[in-house]
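Can you keep this structure in mind? I'll have questions shortly.
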Amino acid sequence: MSTIEEMRGAGDGQGPARSESGVLKHDATYYLQDDPMAIFLIENRLFKVHRHFFVEGSVVFRGMFTSPNEEGVTPDGMRDQLPIPLPGVTVKEFEALLDYFYLLPHRQLQSKGETRNLQIYLRLLSISHRFVFDEVFQYALSSVKPIIHHIPAIQRFQLGEKYELREWLLSAYESFLGRTTPLSINEAEILGLEKVVRYIAARESMHRKGYFSSWGNPAGPPVGQPSLLGNLSWSTPVTTSLGDILPEAKENGPVVREITKIVEEFFF
């Protein structure tokens, strides 16, 4: 008797195992219906993958693939000559999404290194946010959190604005306020006039409270970068998060909390 035959008779020796009522039931999760493939065009590359992940994970693709097809018309994504184009999506972003779907978790980011992993997570954030893959977005977000210090403050600000992530914005503003150098022209242009004015007011408030009185010497802008307000002296070190401020502040819980309060007061 073959292994399959043995398994078929494992229930009562007469045939397939049945439920107590004697009725066979489809498993709610792993009884998959026929799943036609879909062909996507990303940049100049074609991908042929299962629809299942897209239907289950994204309200955007669920609507696309479950809408009735016009009679006599071949829907997009069924053949190479008529793929589903995703303008604005990069090959690397789409590959990151497919790796999430198809690779086991321990293989997705195997031996890639922290910095490269961060780039993969950021690509996942981008494509999952665009097409409303909520579960993928939350996975990428939680994966970035332990290594967010690798993201420059201005990029943290841009991503925080794009994805409406208050925690990332808070982290970026703390970095701007707690570093040696003033804003560069490029940073100021990205922040915009209103936030630059808030930044100036917040720094002045910190000066009035005496947070910088004994922290190092004044420093200028980064080499090769013109700065705004170069006549003002900033005296704290470059940081990627509030926890990296000089030891005097790091060890002083009330000071750290006060700086966070200043960020809350001037930017939120």
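Looking at this structure, is I200 part of a helix (DSSP H, G or I), among the β-branched types (V, I, T) and modelled with pLDDT under 95?
Working: part of a helix (DSSP H, G or I): yes; among the β-branched types (V, I, T): yes; modelled with pLDDT under 95: yes.
The answer is yes for I200.
Right, another one. Restricting to the range 56-89, count the residues that are under 21 Å from Q33 (Cα atoms), surrounded by 12 or more Cβ atoms within 10 Å (Cβ to Cβ) and more than 21 Å from the chain's Cα centre (by Cα).
Qualifying residue count, the range 56-89: 7.
While we're on this one: Consider only pairs whose beta carbons are under 6 Å apart and that are at least six residues apart or on different chains; among these, list those whose first residue lies in the range 174-190 and is of a type in the set (S, T, Y) and whose second residue is part of a helix (DSSP H, G or I).
Qualifying pairs under 6 Å: S175/A153.
Here is a further query. Any idea which residue in the range 185-194 is farthest from L169 (Cα to Cα), counting only those that are of a type outside the set (G, A, S) and either in contact with a strand residue (DSSP E or B) (Cβ under 6 Å, 6 or more places away or on another chain) or crowded, with 18+ Cβ neighbours inside 10 Å (or both)? Write out each step before concluding.
Quick first cut of the range 185-194, residues of a type outside the set (G, A, S) only: 185-187, 189-191, 193-194.
Narrowing the set further to residues that are either in contact with a strand residue (DSSP E or B) (Cβ under 6 Å, 6 or more places away or on another chain) or crowded, with 18+ Cβ neighbours inside 10 Å (or both) leaves 187, 191.
On the way: E187: 14, L191: 11 Å.
For the range 185-194, the residue satisfying everything is E187.
Restricting the first residue to the range 129-149 and requiring it to be in contact (Cβ under 8 Å) with a residue 24 or more places away in the chain, which pairs with a second residue that is assigned to a loop (DSSP other than H, G, I, E, B) and of a type in the set (V, I, T) meet a Cβ separation below 6 Å and a spacing of at least six or different chains?
H149/T240
Output the residue which, of all residues in the range 29-42 that are part of a loop (DSSP other than H, G, I, E, B) and not hydroxyl-bearing (S, T, Y), is surrounded by the fewest Cβ atoms within 10 Å (Cβ to Cβ).
Filtering the range 29-42 down to residues part of a loop (DSSP other than H, G, I, E, B) leaves 29-36.
Subsequent filtering for residues that are not hydroxyl-bearing (S, T, Y) retains 32-36.
Values: L32: 10, Q33: 7, D34: 4, D35: 11, P36: 12.
Selected residue: D34.
Further, regarding this structure: Yes or no: R45 charged (D, E, K, R) and surrounded by 17 or more Cβ atoms within 10 Å (Cβ to Cβ)?
Numbers: charged (D, E, K, R): yes; surrounded by 17 or more Cβ atoms within 10 Å (Cβ to Cβ): no.
No.
The values are calculated or read from the model by the stated rules, or taken from the named source; none is laboratory data. Only a predicted model underlies this, so the values are computations on that prediction, with no experimental measurement involved. Here Cβ is always computed from backbone atoms with ideal geometry, including for glycine, and neighbour counts include all displayed protein chains.
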